[in-house]
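The values are calculated or read from the model by the stated rules, or taken from the named source; none is laboratory data. What you see is a predicted model; the values in this text were computed from it and never measured. Neighbour counts run over all protein chains shown; Cβ positions are idealised from the backbone, glycine included. Areas reflect the complete protein model, heavy atoms only, side chains present, ligands, DNA and RNA absent. Shrake-Rupley method; radii C 1.70, N 1.55, O 1.52, S 1.80 Å.
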Amino acid sequence: TLSSSLTLPSFLPFFLPFFLPFFLPSFLPCFCFQAVRGKGAFLNGSRIRVSTSTKLKDSLILTEFGFSRESKKVDVWLVTAKRFFMRGIHGIRSMGSGVLDLCFVARGALDGLYAGVSGDGWSIWDYCAGSLLVEEAGGVMCAVDGAAFDLCGSSVVAGSYRHLEPHN
């Protein structure tokens, strides 16, 4: 058994490369997501893959509203959502949980996600399990500005492709 004195940050580097199970809450009782570094991502024991969508017009994207209610930050979030709609996106959804969002991107049920555009992104507990799941399902992740994804960062873009082509 693991020592109770292990803290989350010191434990993560050991735990993440190997195996990460994640059970969804009671409203989805039969979903058990698992990822094994280098071995794939699984839902209830079956291999999962990210969406194959490459066009925004076919894409359903997730986002989270963030916790800030400062006018300037809310405006940034609204402008970003408007840009997606104006480029012909199929739709935008919000489920209220970062790790749940990443699970649904990993299984291909949703095509991508973004969070942290106004600077109030997720925390490490939102990214840990989900980032490994997305990567092992064949997805890609980066920061909102296009920089490499940082587990301790404040923004994320995740999906099947690094770039979804706009609708022409």
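Of the residues Leu151, Leu132, which is under 12 Å from the mean Cα position of the chain (by Cα) and either outside any helix (DSSP H, G or I) or at positive phi (or both)?
Testing whether each residue is under 12 Å from the mean Cα position of the chain (by Cα) and either outside any helix (DSSP H, G or I) or at positive phi (or both) leaves just Leu151.
Do the conditions hold for Ala115, that is, is it under 21 Å from Gly40 (Cα atoms) and surrounded by 24 or more Cβ atoms within 10 Å (Cβ to Cβ)?
Judged against the criteria, Ala115 is not a match.
Ser46 is checked against (1) modelled with pLDDT under 85; (2) loosely packed, with under 14 Cβ neighbours inside 10 Å and fails just one. What number does that condition carry?
With (1) modelled with pLDDT under 85; (2) loosely packed, with under 14 Cβ neighbours inside 10 Å applied to Ser46, the lone miss is (1).
All but one of (1) open to solvent by 20 Å² or more (accessible area, probe 1.4 Å); (2) acidic (Asp, Glu); (3) modelled with pLDDT of 85 or more; (4) closer than 16 Å to Phe65 by Cβ hold for Asp101, so report the exception by its number.
Every listed condition holds for Asp101 apart from (1).
Kindly indicate which of Leu78, Leu62 is in contact with a helix residue (DSSP H, G or I) (Cβ under 6 Å, 6 or more places away or on another chain), under 18 Å from Ser155 (Cβ atoms) and without any contact (Cβ under 8 Å) to a residue 60 or more places away in the chain.
Leu62 is the lone residue from the list that is in contact with a helix residue (DSSP H, G or I) (Cβ under 6 Å, 6 or more places away or on another chain), under 18 Å from Ser155 (Cβ atoms) and without any contact (Cβ under 8 Å) to a residue 60 or more places away in the chain.
Based on this model, can you work out whether Leu78 counts as in a helix (DSSP H, G or I) and either within 30 Å of Cys30 (Cβ to Cβ) or open to solvent by less than 20 Å² (accessible area, probe 1.4 Å) (or both)?
The answer is no for Leu78.
Could you list, in sequence order, the residues of the range 118-153 that are over 20 Å from Val50 (Cα atoms) and surrounded by 17 or more Cβ atoms within 10 Å (Cβ to Cβ)?
Ser118, Asp120, Gly121, Trp122, Gly153
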